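So the structure is just underneath, and the comments pick up after that.
Just so it is clear, none of the values below were taken in a lab; they were calculated from the coordinates. Note that the structure is a prediction, hence the values are computed from the model and not measured. Using ideal geometry, Cβ is built from the backbone for each residue, glycine included, and neighbour counts are taken over all protein chains shown.
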Amino acid sequence: MPAVENQDIEKVLTSHDMLKNAERTTEFLKSIAHTGRLMILCRLAEGPATVGELEHMLDMRQSAVSKQLARLRQEGMVDFQRDGRSIYYELSDERARQIVDKLYDLFCT
């Protein structure tokens, strides 16, 4: 069996790391590759919002908005804060904010 050179080992580790990074990136992109979720992220990039505000903006049922928010929470992109009887959702992932800002620059200006 031929000896593996240090340079080859580094390539294998780099390929493994690249694969892990690609998988993480793919999951991230899948999370925002939905019209409703992307619109929610765009709105939350402006500041916190309640489910009711998002529901009105998206013209969607409360249950549908809540489902999309649950997915975004599961992915760690949004978080919520209670203020009395209201729940405010906000972006919690700086990567999501940067992507939304870039998408806005590319497609909305």
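3J(HN,Hα) along segment 48-56, derived from phi through the Karplus expression 6.51 cos²θ - 1.76 cosθ + 1.60 where θ = phi - 60°, amounts to x, 8, 8, 4, x, 5, 5, 4, 5 Hz, with x in place of Gly and Pro. Taking amide H positions as modeled 1.01 Å from N, with prolines and chain starts lacking one, the residues under 5 Å from residue 50 and 5 or more places away or on another chain are 89. Couplings 3J(HN,Hα) for segment 102-108, derived from phi with the Karplus relation 6.51 cos²θ - 1.76 cosθ + 1.60 (θ = phi - 60°), are 5, 4, 4, 4, 6, 10, 10 Hz, where x marks Gly and Pro. For the chain, leaving out every one of the trypsin sites (Lys or Arg not before Pro) that falls in a DSSP loop and has at most 12 other Cβ atoms within 10 Å, the longest unbroken run is 1-60. Shown here: volume of the Cα convex hull per residue in Å³, derived from the displayed model; of the candidates [x] 73; [y] 142; [z] 116, it corresponds to [y]. Based on the Cβ-Cβ distance from residue 53 to residue 22, what FRET efficiency comes out when R0 is 41 Å, to the nearest 0.05? After rounding to 0.05, the efficiency reads 0.70.
Counting 0.36 nm for each residue step from residue 15 to residue 106 and taking away their Cα separation leaves a gain of 29.7 nm.
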